[in-house]
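Chemist: Below you will find the structure I want to go over with you.
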Amino acid sequence: MKLSNLFLPVLGLVAAASAQRQVLVTYPNDTPASIIDQAKEAILATGGKITEEFSLIKSFAATVSSDVVDTLNALSSSHKPIVEDDQKTITIQQQAPLEH
């Protein structure tokens, strides 16, 4: 057996894992819960993971494959999600002026 035959499946798994990305998915306020549920099911069905759900806005964070974004957009023509990369948010505290 060739050594390369042993590594090809492993390389495929690594490539699949690297295709995952962290996103925030936000829907308009008038979006029915059924559409948001379908979006979550589509993410889970493609090997993604819902990492956080928000209650004040119709939004959730997820780890998704790159191609699932097209699926989310196709679920509803009238309730399109905004899908953006999840990023760290920092605040800058105002510093007191230096005394001379």
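Chemist: Restricting to segment 47-93, name every residue that is surrounded by 14 or more Cβ atoms within 10 Å (Cβ to Cβ) and more than 13 Å from Val25 (Cβ to Cβ).
Modeler: Correct list: Gly47, Ser65.
Chemist: Can you tell me how many residues within segment 34-73 are more than 13 Å from Glu84 (Cα to Cα), among the β-branched types (Val, Ile, Thr) and part of a helix (DSSP H, G or I)?
Modeler: Of the residues in that region, 4 qualify.
Throughout, read-outs are computed from the coordinates displayed, never taken from laboratory work. Keep in mind that what you see is a predicted model, and the values were worked out from it rather than measured. No Cβ is skipped: glycine too gets one built from the backbone with ideal geometry, and neighbour counts run over all protein chains shown.
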